[in-house]
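One structure is given here, and the rest of the page talks about it.
The values are calculated or read from the model by the stated rules, or taken from the named source; none is laboratory data. As the structure is a prediction and not an experimental result, all values here were calculated from the model. Glycine also receives a Cβ, built like all others from the backbone with ideal geometry; neighbour counts cover every protein chain displayed.
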Amino acid sequence: MDLRELYQEVILDHGKNPRNFRFPEPSNREGQGYNPLCGDRITLRLQLDGDVITDVGFQGSGCAISQAAASTMTEAIKGRTVADAELLFGQFHTLVTDDGGPEPNMDTLGKLAAFAGVGEFPMRVKCATLAWHTLHQALEGDDASAPVKTE
Ligand code: ZN
């Protein structure tokens with residue numbers, strides 16, 4: 001199995017069986033994301049204790065990439081600080097958009113590296129980043145009801 005197949009396996013697996021597909025109890029932050037290009041929807045809730053994301057989960061519907069991205073994201077950020085989560089977002093964003101942001105570190109990214117190929121399909125980039133924009137909104141968040149805008 002080459003790297004590309006391995007990456008596809010990760011996305012298919014998480015798309016079919018998303019992890020943390022539930023809302024944490026308790027939770028004190030929420031973000032809602034919608035990608036009109038593809039119809040992907042995500043509601044993300046997390047429990048923030050100080051600056052640590054102690055629990056996180058989501059509910060949503062949409063394409064396999066959007067759900068797999070949300071699933072792998074929840075695994076990646078659980079137990080991390082807000083600063084670490086934002087750093088991961090920066091690296092992930094560079095990985096899928098090649099926007100010249102923070103250099104992606106494949107060891108740090110772990111399973112998130114599976115989305116490296118998404119950059120070849122501009123229409124799918126918003127599917128892959130929806131959960132992360134939703135996370136950003138939830139972390140910023142007073143206004144949990146404002147929809148996420150993907151750029
Ligand atoms: Zn999608």
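Take the residues of the stretch 35-76 that are aliphatic (A, V, I, L, M) and assigned to a helix (DSSP H, G or I): which is nearest to the ligand (Cβ to nearest atom)? Give the steps one after another, and end with the answer.
At the first step, the residues of the stretch 35-76 found to be aliphatic (A, V, I, L, M) are 37, 42, 44, 46, 48, 52-53, 56, 64-65, 68-70, 73, 76.
Applying the additional criterion that residues be assigned to a helix (DSSP H, G or I) yields 64-65, 68-70, 73, 76.
On the way: 64: 8, 65: 5, 68: 10, 69: 9, 70: 11, 73: 14, 76: 19 Å.
Among them, the one singled out is 65.
State which residue is surrounded by the most Cβ atoms within 10 Å (Cβ to Cβ) when the search covers only the stretch 71-92 and only residues that are touching a residue at least 40 places away in the same chain (Cβ under 8 Å) and in contact with a Lys or Arg (Cβ under 9 Å, 6 or more places away or on another chain). If you could, list the steps in order and put the result at the bottom.
Of the residues in the stretch 71-92, the ones touching a residue at least 40 places away in the same chain (Cβ under 8 Å) are 71-75, 77-78, 82, 85-86, 89, 92.
Filter again for in contact with a Lys or Arg (Cβ under 9 Å, 6 or more places away or on another chain), leaving 71-72, 74-75.
On the way: 71: 25, 72: 28, 74: 25, 75: 15.
So, considering only residues that are touching a residue at least 40 places away in the same chain (Cβ under 8 Å) and in contact with a Lys or Arg (Cβ under 9 Å, 6 or more places away or on another chain), the one surrounded by the most Cβ atoms within 10 Å (Cβ to Cβ) is 72.
Among the candidates 120, 103, which residue alone is in contact (Cβ under 8 Å) with a residue 12 or more places away in the chain and of a type in the set (Asp, Glu)?
Numbers: 120 fails: in contact (Cβ under 8 Å) with a residue 12 or more places away in the chain.
Only one candidate passes the filter, namely 103.
With the checklist (1) among the small types (Gly, Ala, Ser); (2) in a helix (DSSP H, G or I); (3) away from the ligand (no atom under 16 Å from the Cβ) in hand, flag the one item residue 114 doesn't pass.
(3)
Out of all the residues in the stretch 127-138, is one or more of a type outside the set (Ser, Thr, Tyr), free of Cβ contacts under 8 Å to residues at least 40 places away in the same chain and either closer than 27 Å to residue 3 by Cα or in a helix (DSSP H, G or I) (or both)? So that I can check it myself, show each step before the final result.
First pass over the stretch 127-138, keeping only residues of a type outside the set (Ser, Thr, Tyr): 127-128, 130-133, 135-138.
Next, from what is left, pick out any that are free of Cβ contacts under 8 Å to residues at least 40 places away in the same chain: none.
No.
For the condition within 14 Å of residue 11 (Cβ to Cβ), surrounded by 24 or more Cβ atoms within 10 Å (Cβ to Cβ) and not small (Gly, Ala, Ser), what is the one hit in 46, 135, 95?
95
Is it the case that residue 79 is modelled with pLDDT of 95 or more and assigned to a loop (DSSP other than H, G, I, E, B)?
yes
Being within 16 Å of the ligand (Cβ to nearest atom) and either surrounded by fewer than 17 Cβ atoms within 10 Å (Cβ to Cβ) or assigned to a loop (DSSP other than H, G, I, E, B) (or both) is the filter here, so list the residues in the stretch 16-34 that pass it.
Looking only at the stretch 16-34, we keep the residues that are within 16 Å of the ligand (Cβ to nearest atom), and these are 16, 18, 32-34.
Answer for the stretch 16-34, where residues must be within 16 Å of the ligand (Cβ to nearest atom) and either surrounded by fewer than 17 Cβ atoms within 10 Å (Cβ to Cβ) or assigned to a loop (DSSP other than H, G, I, E, B) (or both): 16, 18.
Could you say whether any residue in the stretch 105-125 is closer than 20 Å to residue 35 by Cβ, surrounded by fewer than 17 Cβ atoms within 10 Å (Cβ to Cβ) and polar (S, T, N, Q)?
No: the stretch 105-125 contains no residue that is closer than 20 Å to residue 35 by Cβ, surrounded by fewer than 17 Cβ atoms within 10 Å (Cβ to Cβ) and polar (S, T, N, Q).
For every residue, the table says whether it meets (1) farther than 17 Å from residue 134 by Cβ; (2) under 14 Å from the mean Cα position of the chain (by Cα); (3) not basic (Lys, Arg).
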| residue | (1), (2), (3) |
| --- | --- |
| 41 | no, yes, no |
| 45 | no, yes, no |
| 89 | no, yes, yes |
| 109 | yes, yes, yes |
